[in-house]
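The values are calculated or read from the model by the stated rules, or taken from the named source; none is laboratory data. All of these numbers come straight from a predicted model, not from anything done at the bench. Reconstructed Cβ throughout: ideal geometry from the backbone, glycine too, with neighbour counts over all protein chains shown.
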Amino acid sequence: MNTTLSYYNLNAKEYSDSTVNADFSAVQDRFQSFLNPKAYILDFGCGSGRDTKYFLDKGFQVDAIDGSDELCRIASDYTGISVRQMLFRDLNEYYKYDGIWACASILHVPKVELPEVFRRMVLALKMDGIIYTSFKYGEFEGERNGRYFSCYTEESFTELLKAFPELQIIDEWVSGDVRPGRENEKWLNLIIRKSIIS
C-alpha cells in the first residue's frame, strides 16, 4: 500500500485532473436510488472529491476519506468539506452510515487484507445500508505502473462475500471505463446490501 500512496501523492494533480470531470452520474444515480433523501454517505477513498461533491449537491450528508495527503487537500478544496486522511483498515465506526461509496478505491487493498476491510465497512453501516464498490475486471493481483491492484470477476467476488452472510449483492454489472480513451478497460460494479441474517 505504501507504493500506491506514494504514487497518488506524487501524481495527485494529474490523477485529479483526469477523473474530476468524468461523467459518472449513471452509477452515482444507481447507487443513490437505494438511499433515502439526506442519507449519510461515506466516500471511502474519495480521490479528487468528484463523487463527494456530487452527493453533497444532491442533498446527502457526506464524510470523505482518502489515504493520500495530497488528494485529501485537493478534495477538500474542491468539495468545501474537510476530507480526512485515513487508511481503509483504520475505519472504526459503528452503525453510522446509510451508504458507503468505494469507487475504484478498495481495489488497491491486497486480497488477503480485503476481508478485514469489509468487516469494518459492515460494522460502519446501519442495518439495510448499501455499499457500492468497483474493481478492475479479471483475476490479476499485484503491482502495475506504481500501484497495487486486486481484480475480481463475478465468481471470485461472490467467493469473497461468502464470509459475510449479512451482505447480499443486489445489483451487479460490468462496464467500460468512463474516461476518454479508456473505454476498453472493464470494471466490475457491485451494489451490496447489509441485511439481518435469517
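Brief remarks follow.
- Residue within region 86-102 that is in contact with a strand residue (DSSP E or B) (Cβ under 7 Å, 6 or more places away or on another chain), over 30 Å from residue 36 (Cα atoms), modelled with pLDDT of 95 or more and not aliphatic (A, V, I, L, M) present: no
- Odd one out for residue 70, checked against (1) under 13 Å from the mean Cα position of the chain (by Cα); (2) in contact (Cβ under 8 Å) with a residue 60 or more places away in the chain: (1)
- If you check 120, 193 for being in a helix (DSSP H, G or I), surrounded by 14 or more Cβ atoms within 10 Å (Cβ to Cβ), among the charged types (D, E, K, R) and touching a Phe, Trp or Tyr at 6+ places or on another chain (Cβ under 8 Å), only one passes: 120.
- Selection status of residue 9, polar (S, T, N, Q) and in contact with an Asp or Glu (Cβ under 6 Å, 6 or more places away or on another chain): yes
- Residue within region 141-163 that is modelled with pLDDT of 95 or more, on the phi < 0 side of the Ramachandran plot, over 17 Å from the mean Cα position of the chain (by Cα) and part of a strand (DSSP E or B) present: yes
- With respect to the conditions (1) among the charged types (D, E, K, R); (2) closer than 26 Å to residue 175 by Cα; (3) surrounded by fewer than 18 Cβ atoms within 10 Å (Cβ to Cβ), residue 50 lacks only one, and its number is (3).
- The condition of being among the β-branched types (Val, Ile, Thr), crowded, with 19+ Cβ neighbours inside 10 Å and touching a residue at least 12 places away in the same chain (Cβ under 8 Å) holds for only one of 130, 169, that being 130.
- Of all residues in region 123-140 being small (Gly, Ala, Ser) and in a strand (DSSP E or B), the one that is nearest to the chain's Cα centre (by Cα): 134
- Residues in region 79-96 that are of a type in the set (A, V, I, L, M), more than 15 Å from residue 120 (Cβ to Cβ) and either touching a helix residue (DSSP H, G or I) at 6+ places or on another chain (Cβ under 6 Å) or not in a loop (DSSP other than H, G, I, E, B) (or both): 83 alone.
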